[in-house]
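A quick write-up on the structure given underneath.
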Amino acid sequence: MRDRDLYAKLLGIEAPWFVRDVDARLDAREVEVLIAFADDAEATCPECGKACRRYDTRKRTWRHLDTMQYRTLLTADVPRVECPEHGVKQVQVPWALPGSRFTAMLEALVIDWLKESSTSAVARLLGMSWDEVDGVMTRAVARGLGRRKSQPLRAIGLDETSFQRRHEYVTVIYDTERTRVVEVLDGRSREALETFYWDTPFEDLQTIESVSMDMWGPYIEATLEHIPDAKRKIAFDRFHVAKHIGDGVNKVRVHEHAELQGGGVDTLKGTRYLWLQNPENMTPNNLARFEALRDTSLRVAKAWAMKETARHMWSYKTRGWAQRAWKSLIEWMSSSGLEPMVKVGRTLREHLWGITNAIVLRATNAHLEAVNAKIQALKKRACGYRNRARFRHAILFHCGALDLYPQLAAAHTKS
Ligand SMILES: [Zn+2]
């Protein structure tokens, strides 16, 4: 029959497998392709590849890519062999991975589509259930993680990201050198990070030269405990440091604004973003307005000057110069009489060692912004993940730079 040849070609079915029959159920818009294994072909054990005695056959069905908008199923009588060493085993079929109900080509298509759209959209488009599509993603991530050869880590970055809308977090570990996500941990505790350090082979931890992070106690403690010579490697990310200083400036503005308003003065009304934005990013109108405020004796203007000074203190070449400069800024903060800035100064003094590490190691999470933006987009697209395991899978799927596609092992068959 001609359609048998056609389907054999379409599906890439080769000897010793052949298309025995094609059952086109037009009403159901479904085609079932019946495949068999040649009687006289040698069947081999999937474990060791040795030719073995045939034992029996098992009927199995896989869903394949649709052909001409017809749902296409492959059904095969798959021989089982009796291996003297491995017992009764089903021979490996060349079109699907062991245990999967989908052909490898369909799984690859699902993976391609998942890169572009959400699990529910792919399920709808392919007429699959949500769990089936999720299963393809989960297996793809497991496969990718399994294939990721131990590549020594040199620079890593830690960051927390919120999960769903509540105040729940996951910790994302980045390989900042290769700009990819290494792992996603439950929560942001010391214990969470320690599980990662325990699970990473010691020789991979030894090669780490910098760990970029926020000034977050639990991350600091876990890293000091597990990374050799961590006191020289922990680097407080400049954008996190800037955020702490910016928060201080904002508090000064809030207090001062309340005070001025009490006296009927609206000078600081609607100026929040002027004090947080960098002047070079302002519109000409805002810049003019900002410059007029900056050159006053407002307390917030003084706090802002500290923030602006800190912004330009990241390019020192030596530890000594970096330390001297930061110490004088900290001194300025501490003696400013502006309570929020005094507090910031105290935090910076306690963490100065890691700030100078960041400067001399040139360690930062800055270039991870694209990866971060992707994670935020994922969160939005999925309207919050049902659980953290799913969120982890999605992050690793999209940002882990993993080799996700099914790869069929050479089927141990000869005709
Ligand atoms: Zn065997």
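Values in this text are rule-based calculations from the coordinates and carry no lab data. What you see is a predicted model, and the numbers here were worked out from it, not measured in a lab. Here Cβ is always computed from backbone atoms with ideal geometry, including for glycine, and neighbour counts include all displayed protein chains.
Amide H contacts of Ala235: Val211, Ser212, Met213, each under 5 Å away and 5 or more positions distant or on a separate chain (H built 1.01 Å from N in the peptide plane; Pro and chain starts excluded). Based on Cα contacts under 8 Å between residues 6+ apart, segment 215-327 shows a relative contact order of 25 percent. For segment 191-259, the Stokes-Einstein estimate of translational diffusion at 20 °C and a viscosity of 1.002 mPa s comes to 154 µm²/s, using the Kirkwood hydrodynamic radius over alpha-carbon pairs. What pairs in Lys115/Lys374; Lys243/Lys317; Lys231/Lys302; Lys302/Lys327 have C-alpha atoms more than 21 Å from each other? Lys243/Lys317; Lys231/Lys302, as the Cα separations exceed 21 Å there. Classify segment 256-415: rounded, prolate or oblate, from the alpha-carbon gyration tensor (a ≥ b ≥ c, eigenvalue square roots; a/c under 1.5 rounded; otherwise prolate if a/b is larger than b/c)? Prolate is the answer for segment 256-415, as a/c is 1.5 or above and a/b outweighs b/c. For the chain, a crude dipole built from +1 on the beta carbon of Lys and Arg and -1 on the beta carbon of Asp and Glu, taken about the Cα centre, is about 980 debye to the nearest 20. Between rounded, prolate and oblate, where does segment 317-378 land on the alpha carbon gyration tensor, with a ≥ b ≥ c its root eigenvalues, rounded for a/c under 1.5, else prolate if a/b exceeds b/c? In terms of gyration-tensor shape, oblate. Using the charge dipole of the chain (Lys, Arg: +1 at Cβ; Asp, Glu: -1 at Cβ; taken about the Cα centre), state which of Val22, Ile35, Asn357 has its Cα farthest towards the positive end. About the Cα centre, the residue reaching furthest to the positive side is Asn357.
Shape annotation for the chain: C-alpha extents along the principal axes are 94, 50, 31 Å, from largest to smallest. Counting charges near Pro279 (Lys, Arg +1; Asp, Glu -1) among other residues having Cβ under 14 Å from its Cβ returns a value of 0. Residue farthest toward the positive end of the dipole of the chain, with Cβ of Lys/Arg at +1 and Asp/Glu at -1: which of Ser189, Tyr316, Ala377? So the residue furthest toward the plus end is Tyr316. For segment 171-324, rounded, prolate or oblate, judged on the Cα gyration tensor with a ≥ b ≥ c (square roots of eigenvalues), a/c < 1.5 rounded, else prolate if a/b > b/c? Verdict is prolate for segment 171-324. Rg and Dmax of segment 69-117, based on Cα coordinates, read 14.8, 47 Å.
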